[in-house]
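This report concerns only the one structure given below.
The values are calculated or read from the model by the stated rules, or taken from the named source; none is laboratory data. This is a predicted model, so every value here is computed, not measured. Cβ sites come from the backbone with ideal geometry, for glycine too, and all protein chains shown count toward neighbours.
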Amino acid sequence: MLIASVAAGLALLALVTQAGVVLVQRAYPAPGRLVEVAGAVLHVVDTGPRDAAGPPIVMLHGASANLEVMRQPVGERLAKNHRVILIDRPGHGWSTRADLEDSTPAIQGRMIEQALARLGVGKAIIVAHSWAGALGARMALDYPHRVAGLVMLAPVAYPWPGGVGRYNQIVTTPVIGPLLAYTITLPLGYLLAGPGARGVFLPQAMPDGFVRNTATPLLLRPREFLANAWDLVTLKAAVAEQAPRYAELKAPITIMSGDVDKTVSTNIHSRPLAAAAPNAKLIVLPGVGHMVQNAVPDRVIAEIEAMIGQMAPGTAAAPPPARTAADRDRAN
């Protein structure tokens, strides 16, 4: 009797989840185009003038998100004067991936590089937030012909103490993980999405309507929730593997991080990266948390514009002047 009751309850939750997926996807349709690459179809919003001076700007979002978290604070404003390409990372938003384990920066970087080639993009400035910091760095290492410069916002770059949340480990467990994803994740997630997002913004306040305006409920779909969990549980090993190569980075890099970021530690990630990369500039923002693009959008845009200003159309910028450790650590 108990087993039958549990099975019936799970079946009901599965039906609720499938109905919820339909409703969520109707509420947040894909605003861009789909680009086929090996092993995936990537959703891309390609906006702004094609004949703008300087390289295009490619914006990559972090974990538990989609391209809207990059478009609304800074992407739309940049698109007034530049070609801006916003991409749902593989498995997120309206992008797909063939295998849940296509979760590392190396694999996703290959897919995104293929999409940029299909879009006719030569060199681009990569603007990457959080998880995508590791992705941007990997693309600059593996595809230097594609990366004119990197602007990294609160980037993940190195291994860190601890894990990424017990629930991510559970969700990536065979059988149990998919069972949970296809039954309780969506209904429970609706209750927790707001508080969870609010915590990432601290000490800044989360913008009104953030969850709704950024299509965050798309994350609660089983296939995306599973993909996100795989991204997180495989990231630590991935950055451990690529971090010794950071001295090979040739592109100019601007790193912007808050000094009170509780999600991605500036001391663990941004400071060591700035010390390792030859052409890096570190900006530590006082009193700023993890969502740098929301906290200081004008500053982010100014730094992107400054990098573009160093570049002739279609070429990489010359390396910035040599900096002392104090220079790289100064927030100006």
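Pull out all pairs, ordered by first then second residue, where Cβ-Cβ is under 9 Å, the residues are six or more apart or on different chains, the first lies in region 280-294 and is at positive phi, and the second is of a type in the set (A, V, I, L, M) and part of a loop (DSSP other than H, G, I, E, B). As it stands, the answer is GLY287/VAL260, since those pairs meet every condition given. Considering (1) more than 20 Å from ASP259 (Cα to Cα); (2) at pLDDT 50 or above; (3) surrounded by 15 or more Cβ atoms within 10 Å (Cβ to Cβ), the lone condition that VAL284 does not fulfil carries the number (1).
Between PRO207, PRO217, PRO195, the distinction of being over 12 Å from SER64 (Cβ atoms) and modelled with pLDDT of 90 or more belongs to PRO207 only. If you check LEU34, LEU86 for being in contact with a strand residue (DSSP E or B) (Cβ under 7 Å, 6 or more places away or on another chain), surrounded by fewer than 19 Cβ atoms within 10 Å (Cβ to Cβ) and over 21 Å from THR234 (Cβ atoms), only one passes: LEU34.
Only one of the listed residues (THR263, THR254, THR234) is modelled with pLDDT of 95 or more, more than 22 Å from PRO144 (Cβ to Cβ) and outside any helix (DSSP H, G or I). That residue is THR263.
Of the residues making up region 21-33, those that are in contact (Cβ under 8 Å) with a residue 24 or more places away in the chain, hydrophobic (A, V, I, L, M, F, W, C) and not in a loop (DSSP other than H, G, I, E, B) are VAL21, VAL24, ALA27.
For region 174-202, the set of residues classified as surrounded by 13 or more Cβ atoms within 10 Å (Cβ to Cβ) and in a loop (DSSP other than H, G, I, E, B) consists of TYR182, THR183, ILE184, LEU202, listed by residue number.
Could you tell me whether region 304-323 includes any residue that is modelled with pLDDT of 95 or more and either among the acidic types (Asp, Glu) or in a loop (DSSP other than H, G, I, E, B) (or both)? Yes, region 304-323 contains at least one residue that is modelled with pLDDT of 95 or more and either among the acidic types (Asp, Glu) or in a loop (DSSP other than H, G, I, E, B) (or both). Does VAL260 fit the bill of being over 18 Å from ALA65 (Cβ atoms) and surrounded by fewer than 22 Cβ atoms within 10 Å (Cβ to Cβ)? Yes; evaluated as a whole, the condition is true for this residue. Residues in region 220-231 that are farther than 12 Å from GLN108 by Cβ and assigned to a helix (DSSP H, G or I): 8 in all. When the criteria are applied in full, VAL45 fails the requirement of being over 25 Å from PRO207 (Cα atoms) and either aliphatic (A, V, I, L, M) or under 14 Å from the mean Cα position of the chain (by Cα) (or both). Taking first residues from region 154-169 that are modelled with pLDDT of 90 or more and partners that are in a loop (DSSP other than H, G, I, E, B) and surrounded by 12 or more Cβ atoms within 10 Å (Cβ to Cβ), the Cβ contacts under 6 Å between residues at least 6 apart in sequence or on separate chains come to ALA154/SER130; ALA154/ASP261; ALA154/VAL264; ALA154/HIS290; VAL156/VAL264. Pairs linking a residue in region 215-229 that is at positive phi and touching a residue at least 60 places away in the same chain (Cβ under 8 Å) to a residue that is outside any helix (DSSP H, G or I) and among the aromatic types (Phe, Trp, Tyr), with Cβ atoms under 7 Å and 6 or more positions apart or on different chains, are ALA215/TYR28.
Residues in region 157-173 that are in a helix (DSSP H, G or I) and not polar (S, T, N, Q): ARG166, TYR167, ILE170, VAL171.
Determine, yes or no, whether ARG271 is under 30 Å from GLN310 (Cβ atoms) and over 16 Å from the mean Cα position of the chain (by Cα). It is true that ARG271 is under 30 Å from GLN310 (Cβ atoms) and over 16 Å from the mean Cα position of the chain (by Cα). If we scan region 267-274, do we find a residue that is closer than 25 Å to HIS92 by Cβ, of a type outside the set (Phe, Trp, Tyr), modelled with pLDDT of 95 or more and surrounded by fewer than 21 Cβ atoms within 10 Å (Cβ to Cβ)? Looking for residues that are closer than 25 Å to HIS92 by Cβ, of a type outside the set (Phe, Trp, Tyr), modelled with pLDDT of 95 or more and surrounded by fewer than 21 Cβ atoms within 10 Å (Cβ to Cβ), one finds at least one in region 267-274, hence yes.
Under the condition of being touching a residue at least 60 places away in the same chain (Cβ under 8 Å) and outside any loop (DSSP other than H, G, I, E, B), the residues counted in region 34-73 number 17.
Of all residues in region 89-114, those being among the β-branched types (Val, Ile, Thr) and either on the phi > 0 side of the Ramachandran plot or buried (at least 24 other Cβ atoms within 10 Å of the Cβ) (or both) number 1. Scanning region 245-269 for residues that are over 24 Å from ALA302 (Cα atoms) and in contact with a His (Cβ under 9 Å, 6 or more places away or on another chain) turns up LYS262, THR263.
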